[in-house]
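Note sheet for the following structure.
The values are calculated or read from the model by the stated rules, or taken from the named source; none is laboratory data. Treat the numbers as computed from the prediction; the structure is a model and nothing was measured. Cβ coordinates were reconstructed from backbone atoms using ideal geometry, including for glycine residues, and neighbour counts include every protein chain displayed. Only protein heavy atoms, including side chains, enter the accessible area calculation; ligands, DNA and RNA are left aside. Shrake-Rupley method; radii C 1.70, N 1.55, O 1.52, S 1.80 Å.
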Amino acid sequence: MSHFSYHDGDLFAEKTPLSDIARQFGTPTYVYSKAALLENFSAYNDACKRHSSNENSSLVCYSVKSNSNLAVLNLLARAGSGFDIVSGGELLRVIAAGGDPRKVIFSGVGKSRDEMRLALQHDILCFNVESIPELHRLNDVAGALGKRAAVSLRVNPNVDAKTHPYISTGLKENKFGVAYEDALLAYRTAADLPHLDVVGIDCHIGSQLLDDAPLLEALDKVIELVDQLDSEGISLHHLDIGGGIGITYDDETPVAVGDYLGRLFARINAWRNEKYQGAPIKVLFEPGRSIVGNAGILLTEVQYLKHGASKNFAVVDAAMNDLMRPAMYQAWHGVQPVAQRGSPAQTYDVVGPVCESGDWLARSRSLAIEADDLLAIMSAGAYGMTMASNYNTRGRAAEIMVDGDRMHLVRRREQAADLFALESIPD
Ligand code: LLP
């Protein structure tokens, strides 16, 4: 069920009219539904509890990069989530939000020494290591601190995720992970390094996947490797199949999270029963978009309607710096007027004020709107605010979390002075 819906012609977030939010906090503003976030998280967590043998044998590690607002992280931490991070900054966010560092896994191809030190000092659950040089660096950093680093290797299973090339990560030509053919060598290297504990294996093949077949194919390849490693005496405690499940932006019908997890656990449990006398292996997930994507919208106000020679433009106060996805991936986001009008619709490109032709949010949409109307750019909860920039010295949007009929300002709007506060002019 969507938590953004019309009541008597007005669009609401849960029980809060979006027009009230615009009146009180201005636009552009990201609006998140607390109920939607919890519901989406529960789809994973409940399925994990249903299918895994005990509650410690699975962990959902929400992917912080999709939406890193402290209120979002805090809500998920309280619901029991772990976190998938890709920088030291994300780790500090998780901690500031009250998340447990011992439920944090650290992914990414370019971890610096400082980031490794920080993560080791906070005793994170595991490093998802992406190359042999990274293994050596992590071993050195852990040794210097007198610690041992728990390590999982990100294996690139060479599976086609059938998604946008920019968000496909599991193919040979992608920069991510250790090539499948090199994985055994990488594991042997890791096992020989004195300050590393080899604990797991992971993969992440891409994002906005509608079908779970590529994920199950990747799982089969991971299982094969776990068996080979086991026969060499390297036995793993967890496997992490990444994130990637897609959401409905337009008319896509992504696999239901519960169905996907049902198939995945059936495969894993059958394998454990057949080869390991039922001994469990902990299963980790790294979902982002499927938890937060449809739990958020971007609220914007129409500034001008421009009726050009060949096109009509609705110039709004949100832009590519607020929501980069259309400019970067030609991504499609729904556009809904906050107040439904009876007047005839016209076809518009919805564009922002930034000085780039790429600054558009939606193209060729039939909308019954007037200047000063409010619009909701839908499905903007994931990779919206986290990819926002200050291009054109535009302050980043405010963020609101709605809980029923209550609205909480969870990030204030940036002011121009915030944007140059870190700069200085030489004497
Ligand atoms: N784990 C790793 C290692 C990842 O790289 C990602 C996303 C995730 C988990 C979460 O994937 P999700 O469940 O959200 O699909 N900016 C792009 C998406 C980039 C995804 C990057 N990696 C977009 O706006 O579509």
So for R0 = 56 Å, FRET eff. of Asp211-Ser424 from the Cβ-Cβ r, to 0.05, ends up at 0.60
Everything considered on the Cα gyration tensor (a ≥ b ≥ c; rounded for a/c under 1.5, else prolate if a/b is larger than b/c, else oblate), segment 249-404 must be described as prolate
Two pseudo-spin positions, 7 Å from Cα along C-beta at Asn390 and at Asp230, lie apart in nanometres by 5.3 nm
Per DSSP, the loop-located chymotrypsin sites (Phe, Trp or Tyr not before Pro) within segment 368-421 having at most 15 other beta carbons within 10 Å are Phe420
Counting lysine pairs in segment 34-291 that sit 8 or more positions apart or on different chains, with Cα atoms under 20 Å apart, gives 18
TM-like helix rule applied to the chain (DSSP H, alpha carbon span at least 24 Å on the long axis, mean Kyte-Doolittle at least -1.0) gives 34-51, 213-231, 257-276
The answer for segment 23-167, accessible area per residue at 1.4 Å probe in Å², is 39 Å²
Cα gyration tensor of segment 112-216 diagonalised, 5x eigenvalues square-rooted, in angstrom largest first, produces semi-axes 28, 14, 11
If N is the residue count of segment 44-113, its Cα Rg over 2.2 N^0.38 Å rounds to 1.13
Shape call for segment 34-291, from the Cα gyration tensor axes a ≥ b ≥ c (a/c under 1.5 means rounded, otherwise prolate when a/b beats b/c, else oblate), comes out rounded
One would report the antiparallel percent of DSSP beta bridges in segment 1-106, rounded to the nearest 5, as 50 percent
Full extension between Asn174 and Ala416 adds, at 0.36 nm per residue less the Cα distance, a length in nm of 83.3 nm
In segment 1-35, the trypsin sites (Lys or Arg not before Pro) that sit in a DSSP loop and have at most 13 other Cβ atoms within 10 Å of their own Cβ are Lys15
FRET efficiency for Thr347 and Asp46 from the Cβ-Cβ distance with R0 = 51 Å, rounded to 0.05, comes out at 0.75
Computed over segment 229-320, the relative contact order (Cα-Cα under 8 Å, seq sep at least six) in percent reads 29 percent
In segment 304-427 the accessible area split gives carbon plus sulfur, as whole percent at 1.4 Å, a share of 51 percent
For Lys15, counting only aspartates and glutamates whose alpha-carbon sits under 18 Å away and dropping same-chain residues fewer than eight positions off, the answer is Glu39, Glu399, Asp403, Asp405
Extension length gain for Gln340 and Ser19 (0.36 nm per residue less Cα distance), in nm, is 114.4 nm
Between the residues Gly80, Ser424, Ile241, the Cα farthest towards the positive end of the dipole of the chain, that dipole coming from +1 and -1 charges on the beta-carbon of Lys, Arg, Asp and Glu, is from Gly80
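In percent, what relative contact order does the chain have, based on Cα pairs under 8 Å that are 6 or more apart in sequence?
19 percent
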Taking 0.36 nm per residue of separation between Asp182 and His7 and subtracting their Cα-Cα distance, the length gained on full extension comes to 57.3 nm
At R0 = 45 Å the Cβ-Cβ FRET efficiency linking Lys147 and Met328, nearest 0.05, sits at 0.70
Simple SL model, points at 7 angstrom along Cα→Cβ for Ile95 and Asp220; separation in nm is 4.3 nm
In debye to the nearest 20, the charge dipole size for the chain, taken about the Cα centre with +1 at each Lys and Arg Cβ and -1 at each Asp and Glu Cβ, equals 460 debye
For segment 34-291, the accessible surface attributable to carbon and sulfur atoms (probe 1.4 angstrom, ligands and nucleic acids excluded) amounts in percent to 49 percent
